[in-house]
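Worksheet: the structure to be examined is printed underneath.
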Amino acid sequence: MSKAAASKSAALRDLPKLDTLLGSAPFQGLIESAGRALVTEETRAALDVLRTDLREGGHVFQSELTEPALASLVERRIAALTEPVQCRVINATGVILHTSLGRAPLAPQAVETAMREATGYSCLELDRATGKRSDRDKLVNGLLARITGAEAATVVNNNAAATMLILNTLAEGKECVCSRAHMVEIGGSYRMPDVMRKSSCQLVEIGTTNKTKAADYEDAITENTGMLLKVHTSNYAIVGFVHEAALEELVEIGRRRNVPVVYDLGAGSIIDLKQYGITREPSVPDLVATGADLVCFSGDKLFGGPQAGLIVGRKDLVDRVKKNAMFRMMRCDKVTLSLLEHTLKLYLDPKQVIESVPTLHAIARDADEIKRKARAIASKLKKAGIEAEITDSTSQIGGGSTPGEELPTTVIAIRKLGGSPDAAARRLRLGTPSVFCRIENDALVFDPRTLLPGQENELVSAITAAKS
Ligand SMILES: *Cc1c(COP(=O)(O)O)cnc(C)c1O
């Protein structure tokens, strides 16, 4: 036997036995905290990895095979299993609705109440007075109709589902008239022409990319028209020589020709955002008041709630949507409905809602207040030995909403945190909590607008920890 082969088999022989390990003191501690079953399984798996490694010629130091070393290896394996995959993130990107960072952070009050309800039984589909079966929609439809001014409302899992369900309900086997300017792709596989095909309706494209007139809609109406659809161009803007038929005009045509007018609004704000400098985002109550027959929008964009597709409008049409067999496949679970219910309740007080719904709070933040926050963070960083400048910049709403509209902000820029900006940004992302920022002109840029209450000090500590 060669010397190498002899040492390999010796190492294999030295691999401790499972039972011996589990009986040892370092493992007893682990068993107490993580339970015998999990520790046994993970120890067996760790020994298997080591054994395979050794067989395949890998080298293992004797020190790695001691009981404490193996216990700490198993502990790390268990920690990796139980560590939250959706780790906690500080969003310093200045993008308020960051799709990859989970879009809207939820209002703490709404979450607290919803979680209390979710841990017990609730009367989700039961009428307490009669003891009979009721509709789970009751938790939200009254409130949703009330705050949007609509006759009726309902909810499904997301706005993509809402759009598909409306298309299928009103235009299955029929035509849906839609402008060429509204052939949106939201991301992934959500492309308007494909959604229409999958909803079994025939797209009738009208107008051109830059101009669609009211007459184009009217001329396209046949006896087989199921609906006129307007789609919010959530993630792009067509500028220059442009014309888009107004909703008022479509409503007039729709009423006269007896064809429903539907608006896929996407972001869908309940609050009029003009007062905060967002000028091109129509509010849901405005569109309902203008006479759109149905409007659908996301729960987790500007509304600031959980992922959901909110549908509001005419009662007869909402009833038809709810009778569609697909409705059941797209219905929300009780946790989502509770979160929606308690977020909707916050909207009953239009002043308070700006403070309590984080997306609205981030939009409404005062530029001077942000500047003061930026200065305070920069001076704390300086105390920690990190050179930081503050400069004027802009924040974005993001999440496929309000393209081209930006909010003024003040950012903190760090040029030197050790290594390249990309490497430093990676260390920040991998820290605890994980920090996401922007890189601009070779500097790391942190926007206080998207920090949640109380995160300033955490951000300073995380940046300090990422210094190298
Ligand atoms: C975001 C968006 C959707 C999809 O909404 P989800 O809630 O993400 O499913 C559909 N239409 C428009 C116009 C959008 O902006």
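The values are calculated or read from the model by the stated rules, or taken from the named source; none is laboratory data. Here the structure is a predicted model, which is why all the values come from computation and not from measurement. Heads up, the Cβs are rebuilt from the backbone with ideal geometry, glycines too, and the neighbour counts pull from every protein chain shown. Side chains are part of the model used for accessible areas, which takes the heavy atoms of the whole protein and leaves out ligands, DNA and RNA. Shrake-Rupley method; radii C 1.70, N 1.55, O 1.52, S 1.80 Å.
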Exercise. With point charges of +1 on the Cβ of Lys and Arg and -1 on the Cβ of Asp and Glu, referenced to the Cα centre of the chain, which listed residue (344, 321, 290) lies farthest in the positive direction of the dipole?
Worked result: 344
For this session: Compute the acute angle (0 to 90°) between the alpha-carbon long axis of helix 247-257 and the principal axis of greatest extent of the alpha-carbon atoms of the chain; round to the nearest 10°.
Result: 60 degrees
For this session: Take every DSSP beta bridge whose two residues both sit in the range 161-320, then give the antiparallel share in percent to the nearest 5.
Result: 25 percent
Exercise. Relative contact order (percent) for the range 257-328, with alpha-carbon contacts under 8 angstrom and 6 or more residues of separation?
Worked result: 28 percent
Problem set entry | Relative contact order of the range 108-356, defined on C-alpha pairs under 8 angstrom at six or more residues apart (%) | 27 percent
Seminar exercise, completed: Longest principal axis of the chain (C-alpha) makes with the long axis of helix 108-118 (C-alpha) an angle, in degrees to the nearest 10, of 80 degrees
Problem set entry | Cα centre as origin, Lys/Arg/Asp/Glu Cβ charges: the range 108-356 dipole, Debye | 560 debye
Seminar exercise, completed: Expressed in nanometres to one decimal, the distance between label points 7 Å along Cα→Cβ at residue 316 and residue 41 is 5.7 nm
For this session: May I ask for the distance between the Cα centers of the range 236-299 and the range 108-159, given as a whole number of Å?
Result: 26 Å
Exercise. Across the Cα atoms of the range 260-419, what radius of gyration and what greatest pairwise Cα-Cα distance (Dmax) are found, in Å?
Worked result: 20.0, 65
For this session: Kindly provide the Kirkwood hydrodynamic radius of the range 84-157 in Å, to one decimal, from all pairs of distinct alpha carbon atoms.
Result: 15.6 Å
Exercise. What accessible surface, in Å², does a 1.4 Å probe find on residue 185, ignoring ligands, DNA and RNA and rounding to the nearest 10?
Worked result: 80 Å²
Exercise. Can you give the helix-only mean residue ellipticity at 222 nm for the chain, where every DSSP H stretch with n ≥ 4 adds -39500 (n - 2.57) and the sum goes over all residues, rounded to the nearest 500 deg cm²/dmol?
Worked result: -13000 deg cm²/dmol
Exercise. Taking the Cα atoms only, what angle lies between the long axis of helix 67-82 and the longest principal axis of the chain, rounded to 10 degrees?
Worked result: 0 degrees
Seminar exercise, completed: Result for the chain: accessible area per residue, probe 1.4 angstrom, in square angstrom, of 49 Å²
Seminar exercise, completed: Contour minus Cα-Cα span, residue 426 to residue 369, at 0.36 nm per residue, comes to 17.6 nm
Exercise. So how do 48-60, 455-467 stack up, highest first, on mean other-Cβ count within 10 Å?
Worked result: 455-467, 48-60
Exercise. Suppose R0 equals 60 Å; then what is the FRET efficiency for residue 20 and residue 190 from their Cβ-Cβ distance, rounded to the nearest 0.05?
Worked result: 0.60
For this session: Pull out a ≥ b ≥ c, the square roots of the eigenvalues of the alpha-carbon gyration tensor of the range 69-228, then state rounded if a/c is under 1.5, prolate if not and a/b is larger than b/c, and oblate in the remaining case.
Result: oblate
Seminar exercise, completed: Under the 7 Å Cα-to-Cβ spin-label approximation, residue 121 and residue 52 lie apart by a distance in nanometres of 4.7 nm
Problem set entry | the chain, relative contact order [Cα under 8 Å, separation at least 6], % | 19 percent
For this session: Using label points projected 7 Å from each Cα along Cα→Cβ, tell me how many nm separate residue 275 and residue 209, to one decimal.
Result: 3.9 nm
Exercise. Rg/Rh for the range 3-82: what does it come to with C-alpha atoms and Rh from Kirkwood?
Worked result: 0.99
Problem set entry | Probe 1.4 Å, all protein chains present, accessible-area order of 343, 233, 99, largest first | 99, 233, 343
Seminar exercise, completed: Computed on Cα atoms, the radius of gyration and Dmax of the range 108-356 in angstrom are 18.2, 61
Exercise. Contour minus end-to-end for residue 60 and residue 132, with contour as 0.36 nm per residue of separation and end-to-end as the Cα-Cα distance?
Worked result: 19.2 nm
Seminar exercise, completed: Rounded to the nearest 5, the percent of antiparallel DSSP beta bridges in the chain equals 55 percent
Problem set entry | At 0.692 mPa s and 37 °C, Stokes D of the chain from Kirkwood alpha-carbon radius, µm² per second | 126 µm²/s
Exercise. Say the dipole of the chain comes from +1 at the beta carbon of Lys and Arg and -1 at that of Asp and Glu; which of 374, 391, 16 then lies farthest toward its positive end?
Worked result: 16
Exercise. So, with a 1.4 angstrom probe, what is the percent of accessible area on the range 108-356 that is carbon and sulfur?
Worked result: 51 percent
For this session: Summarise the accessible area of the range 3-82 (1.4 Å probe, protein heavy atoms) by the percent that is carbon and sulfur.
Result: 55 percent
Problem set entry | Sparse-neighbourhood loop sites, trypsin sites (Lys or Arg not before Pro) in the range 131-224 - DSSP loop, at most 13 other Cβ within 10 angstrom | 132
Problem set entry | Spatial separation of Cα centroids for the range 53-74 and the range 213-230, in angstrom | 72 Å
